[in-house]
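What follows is a set of notes on a single structure, which appears directly below.
The values are calculated or read from the model by the stated rules, or taken from the named source; none is laboratory data. Note that the coordinates shown come from a computational prediction; the quantities given were computed from them, not determined experimentally. All Cβ positions, glycine included, derive from the backbone under ideal geometry; neighbour counts span all protein chains shown.
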Amino acid sequence: MTEQQIQSKLIKELEKKGYYVIKLVKTNKNGIPDLIAIPKNSDAEFIEVKKPDGKLSKLQEYRIKELKQYGIKATVYYGKDE
């Protein structure tokens, strides 16, 4: 399964749970996670999507740490091959 396929599946799952999901294509900050998932009446969550054997780049690790320092939830989702 490609990261794109994993992302699409995760987006559908999150939207089914009531999240408002935004896929970030290009931002002013390289290394920012792929998705923002915002639950109703709640705070945003940034999600970096990787294949099960995928690895974060140093920049992605830095951005996730940076977001967390701002009190923003940032996670890595490792898709499961089916």
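When each of THR75, THR27 is tested for being part of a strand (DSSP E or B) and either polar (S, T, N, Q) or touching a Leu at 6+ places or on another chain (Cβ under 6 Å) (or both), the lone residue that passes is THR75.
The requirement of being basic (Lys, Arg), closer than 15 Å to ARG63 by Cβ, in a loop (DSSP other than H, G, I, E, B) and at pLDDT below 90 is not satisfied by LYS40. Any residue that is part of a strand (DSSP E or B), within 12 Å of the chain's Cα centre (by Cα) and among the β-branched types (Val, Ile, Thr) - is there at least one of those in the range 12-22? There is at least one residue in the range 12-22 that is part of a strand (DSSP E or B), within 12 Å of the chain's Cα centre (by Cα) and among the β-branched types (Val, Ile, Thr).
Any residue in the range 12-22 that is of a type in the set (Val, Ile, Thr), surrounded by 15 or more Cβ atoms within 10 Å (Cβ to Cβ), at pLDDT 95 or above and closer than 19 Å to LYS80 by Cβ? No, there is no match, as no residue in the range 12-22 is of a type in the set (Val, Ile, Thr), surrounded by 15 or more Cβ atoms within 10 Å (Cβ to Cβ), at pLDDT 95 or above and closer than 19 Å to LYS80 by Cβ. If you take the residues in the range 26-72 that are of a type in the set (D, E, K, R) and surrounded by 15 or more Cβ atoms within 10 Å (Cβ to Cβ), which one is nearest to THR2 (Cα to Cα)? Top of the filtered list is LYS51.
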